[in-house]
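Enquirer: Okay, handing you the structure first.
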Amino acid sequence: MRDSDRVDPKSGRGSAADGESEPYDRLVGRLEKVVEQLEGGGLTLEQSIERFAEGIRLAREASKRLDEAERRVETLLRAEDGSVESVPLAEGEAGEGG
């Protein structure tokens with residue numbers, strides 16, 4: 001495990017939490033690695049608990065980032081009268097990995 005993948009047990013934050021925000025895509029990548037490690041079954045009980053805790057933290061942080069992005073998009077789409085226009089994404093614009 002790389003130092004950048006470690007979680008401080010006291011703060012519950014990864015080493016990238018030193019004031020800079022980790023990009024959403026990197027959070028998701030790290031979460032995928034945690035899931036792979038847990039599903040692999042080669043960890044001790046303690047290691048599994050640590051990785052599970054990290055996975056929960058990463059999932060919560062990724063969810064927070066998505067919520068923030070949604071608020072920013074709503075702000076950009078807000079009409080002058082304060083209503084929010086619902087603009088559906090065209091197929092393929094949803095940012096699905098590629």
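Enquirer: Only one of these conditions is not met by ASP67: (1) out of contact with any strand residue (DSSP E or B) (no Cβ under 7 Å at 6 or more places or on another chain); (2) at pLDDT 95 or above; (3) among the charged types (D, E, K, R). Which number is it?
Expert: (2)
Enquirer: Of the conditions (1) at pLDDT 70 or above; (2) under 21 Å from LEU27 (Cβ atoms), ALA94 clears all except one; give me its number.
Expert: Among (1) at pLDDT 70 or above; (2) under 21 Å from LEU27 (Cβ atoms), ALA94 violates only (1).
Enquirer: Of the residues that sit in region 59-84 and are part of a helix (DSSP H, G or I) and aliphatic (A, V, I, L, M), which one is surrounded by the fewest Cβ atoms within 10 Å (Cβ to Cβ)?
Expert: Here the residue is LEU76.
Enquirer: Mind checking which residues of region 22-58 are surrounded by 14 or more Cβ atoms within 10 Å (Cβ to Cβ) and over 26 Å from GLU68 (Cα atoms)?
Expert: GLN37, LEU38, LEU43, SER48, GLU50
The values are calculated or read from the model by the stated rules, or taken from the named source; none is laboratory data. All values reported here derive from a predicted model rather than from experimental measurement. Counting neighbours? That spans all protein chains shown, and the Cβs are built from the backbone with ideal geometry, glycine included.
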